[in-house]
Every structure is written in structure tokens, then in C-alpha cells.
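Visitor: Below is a structure I'd like to ask you about.
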Amino acid sequence: SFDERWEGILNLVQAGQASCPPLIDLLKDQTSDALRTNVIITLTRMHDDAVWALVEALDSTSAFQRQNAAIALGNIKDWRAAAALKRVLEDGNQTPEVKQYAAEALTKITGAGESAWPSAKELYFQLAEKYYLNHPQVMRKYYQDYFVFKWDTKEDKLTWKEVPAFQINERYAQEACFDAIALDPNYEPIWPLLACTYFAMHNEGNIALKTMDANVKSGTAVAE
């Protein structure tokens, strides 16, 4: 029923990032248009929580799944997806349908036509830099969970790993650097940014460990 369906949608939205993997998996289901539509509606309403899971789904071997991920990203209109969508357009192996929806999504996100879009590697650099700097354009909220999503190419499915809250921006900066390097390992600006990202991860990790050690000694935390 309509009420039951919307109760399910809103519960999944409330669950946040943890509900992304099963929803992303359903984007390749071609047996029910109604189910696919409701999954896209749910992911769209999740907005921030769904963006990185949808971006990773663009690496699926299923063109139908990639197409639906692009549609949802166009609905959300989040700039964080721009680099991955531009990479889809630059990929000569993509299907025309996937490219069409990726282009439509980029137009919605940027408000500009194709001639104004930078290359994918440049967009990945901009994305990595903003994550490294904790820029509000990419770090707009505090999540209830801190997941790094990654597409498992061997299993062809979305995987995730929970990370410390203080490290989430560097982890996504690192991923964006890796994506730029995969496109062009000779793209010089990306290498010093990756080195800075690793230093920040190392430094913040040390600070966290020292803080916890001090808390244990003072009795405000236990070693476990």
C-alpha cells in the first residue's frame, strides 16, 4: 500500500548510510519498474548519505545499475559526484545510455553545458583538495556513521568500512587522488596533495592516540 511503501522509504532514509548497500544492489534489478523507482526515490531522499555509495556504483559491470546511479546522482545534484560522472563521459567503453544520464546529471549539478566542464582528473584534484581542507562544500554535516564506500570489482558489489570521524575527510581525499592518478599518473599536481593527505592522516592519528593515552592515565577512559 501507499502508506506502507512510504513508511519503508522514510525508515530507510532515517537509517542513513547503513541502508545504502542493499539499495544500491537493487539498482540493477530489471524485474520491477515500481521497485527500481522506489529505490531511486529512497536514495534521492537520503541525499548526502547516498552520494558516495552511488558514485561507487558507477564502477558496476551492470550498465543498468550505472545508469540508475547516474539518474539518482542527477536528482541529488551534489557536486561531489561531478568528477566521477565526468570520468564516465570520458570513458570510451561506456554505453550511450549511461553517458546520456551522466551528462544530464552533470548539467543539473553544474548548471552549465559540457563545454564548461573541466576534465575528470582536474575535478578529482578539486575534490581531493576540498576534502583535505575540510571544505564545507564537501563536509557539510556530521553523519551518524562514518563509512568509506568502495566498489569491489572482483565481487562486483558495494563494500564499506567504518573509519574514525576525524579521518573521514582524508580518506575521501585519498580516494579522489587515487582516481586522478588512475586517469593520468603524470598529472603532477595530485602527488604533493596525496603526500599532504597522508601526513594529515598520520598527524591526526597520533594526536588521537596521545589524547586517548592521556585519558586512560587520568581515569576518564579505559584502555579497551
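Readers should treat all values here as calculations from the given coordinates under stated rules, not as data from a laboratory. Note that the structure is predicted; figures quoted are calculated from it, not measured. In this analysis, Cβ positions are derived from the backbone assuming ideal geometry, glycine residues included, and neighbour counts consider all displayed protein chains.
Visitor: Decide, for the stretch 1-113, between rounded, prolate and oblate: order the square roots of the alpha carbon gyration tensor eigenvalues as a ≥ b ≥ c, take rounded if a/c falls under 1.5, and otherwise choose prolate if a/b is larger than b/c, else oblate.
Guide: prolate
Visitor: Calculate, in whole percent, how much of the Cα-Cα pair population of the stretch 93-151 lies beyond 15 Å.
Guide: Taking all Cα-Cα pairs of the stretch 93-151, the fraction more than 15 Å apart is 68 percent.
Visitor: If packing is taken as the average count of other Cβ atoms within 10 Å, what order do 58-64, 213-219, 169-175 fall into, highest mean first?
Guide: Order by mean packing, descending: 169-175, 58-64, 213-219.
Visitor: Let me check I have the definition right: for the stretch 130-171, take the eigenvalues of the Cα gyration tensor, multiply each by 5, take square roots. What are those semi-axes in whole Å, largest first?
Guide: The equivalent ellipsoid of the stretch 130-171 has semi-axes of 23, 11, 9 Å.
Visitor: To the nearest 10 degrees, how steep is helix 33-46 against the longest Cα principal axis of the chain, on a 0 to 90 scale?
Guide: Tilt of helix 33-46: around 30 degrees.
Visitor: Evaluate the Kirkwood expression for the hydrodynamic radius of the stretch 107-224, namely the inverse of the mean inverse distance over all pairs of different C-alpha atoms, and round to one decimal in Å. Don't skip to the end; give the middle numbers.
Guide: On the way: mean 1/r = 0.0607 Å⁻¹.
After inverting the mean inverse Cα-Cα distance, the result is 16.5 Å.
Visitor: If you don't mind, there's one more thing I want to ask. Taking the square root of 5 times each eigenvalue of the Cα gyration tensor, what semi-axes in Å does the equivalent ellipsoid of the chain have, largest first? Don't skip to the end; give the middle numbers.
Guide: On the way: eigenvalues 193, 121, 41 Å².
After scaling each eigenvalue by five and taking roots: 31, 25, 14 Å.
Visitor: Hey, which aspartates and glutamates would be in cross-link range of K99, C-alpha to C-alpha under 17 Å, not counting anything within fewer than 8 residues on its own chain?
Guide: E56, D59, E90, D91, E114
Visitor: K161: which lysines have alpha carbons under 22 Å from its alpha carbon, excluding same-chain residues fewer than 8 sequence positions away?
Guide: Within the straight-line cut-off, K161 pairs with K130, K141, K150.
Visitor: Using Cα atoms only, what is the angle between the long axis of helix 96-110 and the major principal axis of the chain, expressed in degrees (0 to 90) to the nearest 10?
Guide: 60
Visitor: Here is a further query. Given the Cα-Cα distance of T37 and N186 and 0.36 nm per residue of separation, how much length would full extension add, in nm?
Guide: Working: separation 149, 0.36 × 149 = 53.64 nm, distance 4.14 nm.
Contour length minus the Cα-Cα distance gives 49.5 nm.
Visitor: Compare K210, K161, K28 in a GNM of the chain, Cα atoms joined below 10 Å, and give the one with the largest fluctuation.
Guide: The residue with the greatest mean-square fluctuation here is K210.
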